[in-house]
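**Student:** Please find one structure pasted underneath; my questions will follow.
The values are calculated or read from the model by the stated rules, or taken from the named source; none is laboratory data. Since the structure is predicted, the reported quantities are computational estimates derived from the model, not experimental observations. Quick reminder, even Gly has a Cβ in these numbers, built from the backbone with ideal geometry, and neighbours come from all protein chains shown. To get the accessible areas, we keep the full protein, side chains included, count just its heavy atoms, and leave off ligands, DNA and RNA. Shrake-Rupley method; radii C 1.70, N 1.55, O 1.52, S 1.80 Å.
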Amino acid sequence: MNATTLMPSAERTPMRAPAARAVAATSVYGSGDLAVTALDGVDLDLGAHQLTAIMGPSGSGKSTLMHVMAGLDRPSDGRVLIGDVDLTTLSERQLSLLRRERVGFVFQAFNLVPTLTAIENVRLPQLLAGRRTADEDWVDDIVAGRLTAIMGPSGSGKSTLMHSMAGLDRLTDGQAFIGDVDLTTLGERQLTQVRRERIGFVFQAFNLVPMLTAIENIELPLRLGGRRGDGSYIDHVIETVGLTERRDHRPSELSGGQQQRVAVARALASRPEVIFADEPTGNLDRHAAMEVLGLLRRATRAHGQSIAMVTHDPAAAAYADRVVFLADGRIVAETSEPTVESLLDIIRDLEV
């Protein structure tokens with residue numbers, strides 16, 4: 001049996017225009033002797049109402065083809081179309097609009113926004129595109145101006161304390177306040193609103209939305225809260241974190257340190273009452289980590305920002321104004337104006 005006998009006949013399946021097309025798509029990285037051809041004149045139609053699998057060994061160009069056809073990367077030559085729109089003729093802003101309104105994404109790393117619920121993550125692309133679903137029902141002790149570090153061994157309760165104080169987890173007993181608001185008295189919808197409007201987050205895993213540019217990721221919490229934000233202040237934040245020349249780049253085009261700087265700028269952009277940073281330098285090399293820690297500390301000095309940071313690293317905690325130590329779910333020590341040496345001394349004493 002040859003391959004054509006496996007395909008439905010034209011009479012049984014009416015021909016439809018392809019949902020997406022690649023026409024002689026070519027992607028070359030580098031130049032001269034170092035040039036690498038990832039795609040070499042690929043012609044491919046993705047049929048409407050069909051599931052198409054793209055296979056090949058590592059380095060065959062699968063991901064490059066997918067990114068090019070989704071408008072995440074530009075081909076070096078050839079054309080790519082979504083419906084009748086030629087992506088190669090669009091500007092970056094037009095590409096962003098098209099990705100939001102006409103393309104869906106499922107990534108290996110999930111790429112969910114951790115501060116949103118499941119349904120809020122599901123609705124996120126519609127919100128970014130300014131659309132609503134028909135059945136949507138919308139109603140729309142950390143010292144101020146200081147960087148507080150929370151330290152302790154694995155299992156000591158650091159992340160649990162941070163998540164409870166940030167309204168991500170609920171306490172079994174006791175109270176947690178943001179300003180004068182008792183989080184334990186709020187419903188889930190009210191908690192979501194507090195997180196959007198009064199709290200900033202910086203996570204170890206960056207948690208940037210991969211199809212958005214740096215500036216779009218930075219402005220995301222404001223858009224989720226239905227606010228425009230202060231454009232001049234956001235520009236100042238972007239300049240402060242050193243991303244002026246990279247503001248229109250997507251996460252895949254940024255280094256790890258640059259991605260975390262986007263996350264820091266995103267947390268600062270809405271001027272929250274407090275920022276919670278959970279191991280913000282855990283995935284960074286030492287140089288990038290020092291840059292991010294310096295940014296956090298400058299934010300407390302220049303903008304009066306209150307920040308709580310969970311870390312296991314004494315070198316990171318030494319950037320803080322105050323360090324609180326946890327063990328077995330209890331605060332067992334704290335210190336102000338820490339140094340790496342003073343923190344190591346406290347850790348040794350606690351281990352005795």
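**Student:** Could I have the simple spin-label model distance between D45 and E253, label points 7 Å from Cα toward Cβ, reported in nm to one decimal?
**Tutor:** 3.2 nm
**Student:** Okay, moving on. Tell me which residues come under 5 Å, amide H to amide H, from D40 once H is placed; ignore anything under 5 positions away on its chain.
**Tutor:** Sorted by chain and number, the residues that satisfy this are S27.
**Student:** Related question: Show me 203-212, 303-312, 337-346, 279-288 ranked by packing, highest mean number of other Cβ atoms within 10 Å first.
**Tutor:** Packing order, densest peptide first, comes out as 303-312, 203-212, 279-288, 337-346.
**Student:** Rolling a 1.4 angstrom probe over the protein heavy atoms, how many square angstrom per residue are accessible across the chain?
**Tutor:** Heavy-atom SASA per residue in the chain reads 55 Å².
**Student:** Summing Lys, Arg as +1 and Asp, Glu as -1, what charge do residues with Cβ under 12 Å from the Cβ of E216 carry, E216 excluded?
**Tutor:** Taking every Cβ under 12 Å from that of E216, the sum is +4.
**Student:** Ignoring ligands, DNA and RNA, what percent of the 1.4 Å accessible area of the chain is carbon and sulfur?
**Tutor:** That share works out to 52 percent.
**Student:** List, in order, the whole-Hz ³J(HN,Hα) value for each residue of region 315-325 obtained from phi through the Karplus relation with A = 6.51, B = -1.76, C = 1.60 and θ = phi - 60°; use x for Gly and Pro.
**Tutor:** In residue order, the calculated couplings are 5, 6, 5, 5, 6, 7, 7, 8, 10, 10, 9 Hz.
**Student:** Next question, about the same structure. How would region 209-348 be classified by its alpha-carbon gyration tensor: rounded, prolate or oblate, with rounded meaning a/c under 1.5 and the a/b versus b/c comparison settling the rest?
**Tutor:** Prolate shape, in that a/c is at least 1.5 and a/b is the bigger ratio.
**Student:** Please state the relative contact order of region 310-352 as a whole percent: Cα pairs under 8 Å, 6+ residues apart?
**Tutor:** Computed value for region 310-352: 35 percent relative contact order.
**Student:** Modelling each spin label as a point 7 Å along the Cα-to-Cβ direction, I'd like the R227/V340 distance in nm, to one decimal.
**Tutor:** 3.8 nm
**Student:** So how do 106-112, 316-322 stack up, highest first, on mean other-Cβ count within 10 Å?
**Tutor:** Highest to lowest by the protection proxy: 316-322, 106-112.
**Student:** Let me ask something else about it. Only bridges with both residues in the chain count here: give the DSSP antiparallel percent, nearest 5.
**Tutor:** 55 percent
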